[in-house]
Amino acid sequence: METSMQSNLLMSEDRLEFGSRLSDRVIAGFGSATLLVGSFVVAYLDPTKTTILPACPLLTLTGFACPGCGLTRGFHSLFHGDLIVAIDFNALIFVWAAIVGWVTLSLALVALRGRGLFMWPTQPRFMTTFAAVLLTFGVLRNIPVWPLTILFP
């Protein structure tokens, strides 16, 4: 009985959570800083008027819009308060904004205090559901029939 408790204790010590080491905190700090700097760049530079921000390679090469097409322009519009324009660029903009915001906040908390928020975006149930939503959205936005043409960026 005592040996099984000792082995369970040893197993739990082997599995450290993210943020328990200094290197994890530094990596999390760089991650959150990168997301924040990227957000400021997208907010400052208008993707419709500059060529610094890249275009979607799938859209450029094939003419088909991926589920992420329009996110850069959508986030730029969202940062400037143009909610309808942001939705017009990508109908899932608020879902993406919630995920990016949650991950940025969680990484910042890991960097500052050693533990972040509950990472629901990495849970298998959410990832499976979100992958199905993205696949469905990606197919529907490329069907050239009204009202689905509204989804095209």
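What follows draws every value from the coordinates through simple rules; no lab data is involved. Small disclaimer: the values here were computed from a predicted structure and weren't measured. Here Cβ is always computed from backbone atoms with ideal geometry, including for glycine, and neighbour counts include all displayed protein chains.
Okay, here's what the table says:
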{"item": "Crossing angle, helix 93-113 versus the chain [Cα axis fit, 0-90 degrees, rounded to tens]", "result": "30 degrees"}
{"item": "Taking only Cα atoms of region 17-151, radius of gyration then Dmax in Å", "result": "16.8, 54"}
{"item": "Spin-label pair Val41/Ala132, simplified geometry with 7 Å Cα→Cβ offset, distance in nm", "result": "3.5 nm"}
{"item": "Cα long-axis angle, helix 22-44 against the chain (0 to 90 degrees, to the nearest 10)", "result": "10 degrees"}
{"item": "Full-stretch length increase - Phe118, Ala97 - with 0.36 nm per residue and alpha-carbon distance subtracted", "result": "5.9 nm"}
{"item": "FRET efficiency for Ile52 and Arg125, using Cβ-Cβ distance with R0 set to 41 Å, rounded to 0.05", "result": "0.60"}
{"item": "Over the chain: helical MRE at 222 nm, DSSP H runs n ≥ 4 each giving -39500 (n - 2.57), nearest 500", "result": "-20000 deg cm²/dmol"}
{"item": "Nitroxide proxy distance, nm - points 7 Å out along Cα→Cβ at Leu83 and Leu22", "result": "4.6 nm"}
{"item": "Rounded tilt (10° steps) of 2-14 against the dominant C-alpha axis of the chain", "result": "40 degrees"}
{"item": "Residue order, fewest to most beta carbons within 10 Å, for Leu134, Leu78, Leu107", "result": "Leu134, Leu78, Leu107"}
